[in-house]
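As structure tokens, the structure follows; a few thoughts come after it.
The values are calculated or read from the model by the stated rules, or taken from the named source; none is laboratory data. Keep in mind that this is a model prediction, so the values were computed, not measured. Neighbour counts run over all protein chains shown; Cβ positions are idealised from the backbone, glycine included. For the accessible areas, the whole protein counts, side chains as well, though only heavy atoms, and no ligand, DNA or RNA atoms are used. Shrake-Rupley method; radii C 1.70, N 1.55, O 1.52, S 1.80 Å.
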Amino acid sequence: MSPTYDVVVIGLGGMGSAAAHHLSARGARVLGLEKFGPVHNRGSSHGGSRITRQSYFEDPAYVPLLLRAYELYADLERATGREIAILGGGVMVGRPDSLTVSGSLRSARQWDLPHEMLDAKEIRRRFPTLAPQDDEVALYEAKAGLLRPENTVAAHLQLATRQGADLHFDEPMTRWEPYRDGVRVHTAEDTYTAAHLVICPGAWAPQLLTDLGVAFTVERQVMYWFQPKGGARPFLPENHPIYIWEDAAGVQVYGFPAIDGPELGAKVAFFRKGQVTTPETIDRTVHEEEIGAMADHMAGCIPDLPGTFLKAATCMYSNTADEHFVIARHPGHPDAVTVACGFSGHGFKFVPVVGEILADLALTGSTAHPIGLFDPARLTAAPA
Ligand SMILES: Cc1cc2nc3c(=O)[nH]c(=O)nc-3n(C[C@H](O)[C@H](O)[C@H](O)COP(=O)(O)OP(=O)(O)OC[C@H]3O[C@@H](n4cnc5c(N)ncnc54)[C@H](O)[C@@H]3O)c2cc1C
């Protein structure tokens, strides 16, 4: 008896919804199982905006994937008519030797990406909302900007459904096992068979992927929205860029223009610096001291931003030890399972290209995309 599905995708958040789209677009019979409803706010893919950029300070090896992700995001907008990318330009600010500036410049030079270097005076002139120290500089990238995470997930789910994928919400996988040449997947409702399983668990990786042998740290992160002093006009997208700003202590803060209209303020968050948590125990309350600490930090670099606090929301990072992703056939079940996890707080800009890679890996066992950096073998302890 042949299995009911070609591929079962576990988790229909950022990565899983993209995988369901790319797999079903290639004619695979796809079942997607999601623990919560469509486009929910309990994982890692919510909060209205995500930064995207090409001069990638984390490692130049990400750049070819970013170039492909930009193309696929444009395809997604065309195919669904949804607004997803707002590419109004961005600055990576810090001292010249900060990782944020020097790493971005390294990628820009290695891949010949269009960019400009701005000194403090030029930053102040071009972007009057920003108040850098005299020894701070910025790499400006016109193609940087933001993505709408909820619209991205909704668009991928819409296309997957149109292409015939079965998507089941509020139906978590409880367990799976190897079965014949593929897998058998269990939920409280039913049991399904498939030739292949793709696991995109986000912050649930420590529970769903114990047998991978990779340590993940789930981190609580807070996003803050402020109404700027003197009103939001200088913070509208035509006046205010996206930014990542590293201070002398190596603390990175990042933020967005006021994209949802002047009343809804501008969003800002610390990159990293979160508390270790789990999806079950995360503190969803944002405390006065945290809001005060963010307002104090911003007063030093974007003084008009922390006018009135409007709201805050929590989200989770799933970090690997080196903050690079894990995307591979599962080393313990190479024929039956593919995994995509450990996106370490910087995965969203890659969502559509990860979907494409997962479709390649699930259906053919390999991909033409350069994913050597994401091999889990680098993170698993060498045998004694
Ligand atoms: C505050 C914050 C800011 C960020 N900013 C940026 C940014 O500016 N730029 C950027 O590129 N990236 C950013 N990121 C990172 C990016 O958003 C994540 O890397 C990405 O969303 C991860 O997608 P995912 O599919 O792995 O996780 P998720 O979208 O959380 O999806 C995992 C899914 O698995 C489901 N699931 C779990 N267990 C089961 C089960 N047993 N059965 C079925 N389903 C299950 C979950 O419900 C969830 O829907 C940010 C993240 C946060 C939290």
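Miscellaneous remarks
Conditions tested, residue by residue: (1) under 27 Å from Asp75 (Cβ atoms); (2) of a type in the set (A, V, I, L, M, F, W, C); (3) away from the ligand (no atom under 16 Å from the Cβ).
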| position | (1), (2), (3) |
| --- | --- |
| Asp97 | no, no, yes |
| Trp111 | yes, yes, yes |
| His115 | yes, no, yes |
| Ala120 | no, yes, yes |
| Ala131 | no, yes, yes |
| Pro172 | no, no, no |
| Tyr179 | no, no, yes |
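- Residue selected from segment 214-235 under the condition touching a Gly at 6+ places or on another chain (Cβ under 9 Å) and not in a strand (DSSP E or B), by the criterion surrounded by the fewest Cβ atoms within 10 Å (Cβ to Cβ): Gly230
- 3 or more residues basic (Lys, Arg) and open to solvent by 10 Å² or more (accessible area, probe 1.4 Å): qualifying helices (runs of 4 or more DSSP H) within segment 96-164: 120-126
- Only residues that are in contact with an Asp or Glu (Cβ under 8 Å, 6 or more places away or on another chain), more than 12 Å from Val222 (Cα to Cα) and open to solvent by 30 Å² or more (accessible area, probe 1.4 Å) were counted across segment 247-296, and they come to 1.
- So Val39, is it farther than 23 Å from Cys341 by Cα and either within 11 Å of the ligand (Cβ to nearest atom) or open to solvent by less than 10 Å² (accessible area, probe 1.4 Å) (or both): no
- The lone criterion from (1) over 28 Å from Ala165 (Cα atoms); (2) assigned to a helix (DSSP H, G or I) left unmet by Thr285 is number (2).
- Segment 204-231 residues that are under 12 Å from Ser318 (Cβ atoms), paired with ones that are more than 14 Å from the ligand (Cβ to nearest atom) and in a loop (DSSP other than H, G, I, E, B) (beta carbon under 6 Å, 6 or more apart): Val214/Leu379
- Filter result for the condition that a residue is of a type in the set (A, V, I, L, M) and within 14 Å of the ligand (Cβ to nearest atom), over Ala85, Ala74: Ala85
- Scoring Ser2 on the criteria (1) of a type outside the set (Phe, Trp, Tyr); (2) within 13 Å of the ligand (Cβ to nearest atom); (3) outside any strand (DSSP E or B); (4) open to solvent by 10 Å² or more (accessible area, probe 1.4 Å) leaves a single failure, condition (2).
- Taken over segment 311-321, the criterion of being among the aliphatic types (A, V, I, L, M), part of a strand (DSSP E or B) and open to solvent by 20 Å² or more (accessible area, probe 1.4 Å) is satisfied by Ala312, Ala313.
- Among residues of segment 117-138 that are without any contact (Cβ under 8 Å) to a residue 24 or more places away in the chain and closer than 25 Å to Arg233 by Cα, those with a Cβ under 6 angstrom from a residue that is among the aliphatic types (A, V, I, L, M) and buried (at least 17 other Cβ atoms within 10 Å of the Cβ), sequence gap 6+ or separate chain, pair up as Asp119/Val137.
- Residues being closer than 21 Å to Ala203 by Cβ and at pLDDT below 95 - total across segment 339-384: 1
- Counted residues, segment 320-338 - those being in contact with a Cys (Cβ under 9 Å, 6 or more places away or on another chain) and of a type in the set (A, V, I, L, M): 2
The rows are residues; the columns are (1) closer than 18 Å to Leu208 by Cα; (2) in contact with a Leu (Cβ under 9 Å, 6 or more places away or on another chain); (3) not in a loop (DSSP other than H, G, I, E, B).
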{"residue": "Glu290", "(1), (2), (3)": "no, no, yes"}
{"residue": "Ala293", "(1), (2), (3)": "no, no, yes"}
{"residue": "Phe309", "(1), (2), (3)": "no, no, yes"}
{"residue": "Glu323", "(1), (2), (3)": "no, no, no"}
{"residue": "His333", "(1), (2), (3)": "yes, yes, no"}
{"residue": "Ala340", "(1), (2), (3)": "yes, yes, yes"}
{"residue": "Ser344", "(1), (2), (3)": "yes, no, no"}
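- Residue match in segment 299-306 (condition: in contact with a helix residue (DSSP H, G or I) (Cβ under 8 Å, 6 or more places away or on another chain) and either farther than 23 Å from Gly47 by Cα or within 11 Å of the ligand (Cβ to nearest atom) (or both)): no
- Residue selection: Gly32 fails the criterion of being open to solvent by 10 Å² or more (accessible area, probe 1.4 Å) and of a type outside the set (Val, Ile, Thr).
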